[in-house]
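S.K.: So that we are looking at the same thing, I have put the structure below in structure tokens.
Read-outs throughout are calculated quantities, based only on the coordinates presented, and are distinct from any laboratory measurement. Predicted model, so just to flag it, every value in this text is computed and none were measured. Glycine gets a Cβ as well: all are built from the backbone with ideal geometry, and neighbour counts include every protein chain shown.
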Amino acid sequence: MKNKDYIEKFLEVGAFLSFLGLIITVLLQVVTRYFIPGITLVWTEEGSRFLFKFAVAFGAPLAMKKEEYVNVDIIMDLMSKKVRNISQIIIYIMTIGLFALVFKESLGFMQLGMSQRSPTLGIPMSVAYSAITIASFFILLYGIVNLYRYIQNLKSRGGEV
């Protein structure tokens, strides 16, 4: 915990603030709907959607860094050590390829959103679409780091690749 990198801190703060904003927005929506019927906050539904996207965009790379994403170990456990190592490297490479493609395409998607505005908040849709860019960039970055560390760990243990 003492040696966290700045990217991890940025992602943690972003996830925390997005989730906190989401909780506050939904709470406002519930309170005004059921306890203050004269007040209608029309922006809360759209705001909560945007905040949820950013909470995921900041949280998913953290899961990638810490390798805490969902996976099915039962298949990997049936493989020999050599096949498991090769499979893990292939998974890392495929993940890197997928998120490199998602990142590339998200830049165009963000550019497309510059000319559009959200209906109730009136912010450029490129802001909402940037969640995809943020998530894919940092997942790609941590995917590369994880692949490098995995291969270095195999080499240091004298494992076969």
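S.K.: Identify, among Thr95, Leu27, Ser156, the residue whose Cα sits farthest towards the positive end of the charge dipole of the chain, taking +1 on the Cβ of Lys and Arg and -1 on the Cβ of Asp and Glu, with the dipole about the Cα centre.
M.R.: Farthest towards the positive end: Ser156.
S.K.: How big is the stretch 6-157 along each principal axis, measuring the range of its Cα positions in Å and listing the largest first?
M.R.: Computed over the stretch 6-157, the largest-to-smallest principal extents equal 66, 35, 29 Å.
S.K.: At 0.36 nm per residue, and after removing the present C-alpha to C-alpha distance, how many nm does the segment from Lys104 to Val42 gain when stretched out fully?
M.R.: This chain segment gains 19.0 nm when fully extended.
S.K.: Between Lys81 and Met94, what length comes free when the chain is fully extended (0.36 nm per residue of separation minus the Cα-Cα distance, one decimal in nm)? Don't skip to the end; give the middle numbers.
M.R.: Working: separation 13, 0.36 × 13 = 4.68 nm, distance 1.98 nm.
Full-extension gain reported as 2.7 nm.
S.K.: Let me ask something else. Can you tell me, using C-alpha contacts under 8 Å and at least 6 residues apart, the relative contact order of the chain as a whole percent? Walk me through the intermediate numbers first.
M.R.: Details: 149 pairs, mean separation 39.8, N = 161.
So the answer I get is 25 percent.
S.K.: I'd like the orientation of helix 43-65 relative to the chain: the angle between its Cα long axis and the longest Cα principal axis, in ° from 0 to 90, rounded to 10.
M.R.: 10 degrees
S.K.: Oh, and also: Can you find, among Leu107, Leu140, Val83, the residue farthest towards the positive end of the dipole of the stretch 82-161? Put +1 on the C-beta of Lys and Arg, -1 on that of Asp and Glu.
M.R.: It is Val83, whose Cα lies furthest towards the positive end.
S.K.: Treating only the Cβ of Lys, Arg, Asp and Glu as charged (+1, +1, -1, -1), what charge dipole size does the chain show about its Cα centre? Round to the nearest 20 debye.
M.R.: The calculation lands at about 360 debye.
S.K.: What is the distance in Å between the Cα centres of the stretch 64-86 and the stretch 1-47?
M.R.: 35 Å
S.K.: Next question, about the same structure. Using the Cα centre of the stretch 72-161 as the reference point, and only Cβ charges (+1 on K/R, -1 on D/E), how large is the resulting charge dipole? Debye, rounded to the nearest 20. Write out the running numbers ahead of the final one.
M.R.: Numbers: 8 positive and 4 negative charges, 52 e Å.
Taking the Cα centre of the stretch 72-161 as origin, the dipole is about 240 debye.
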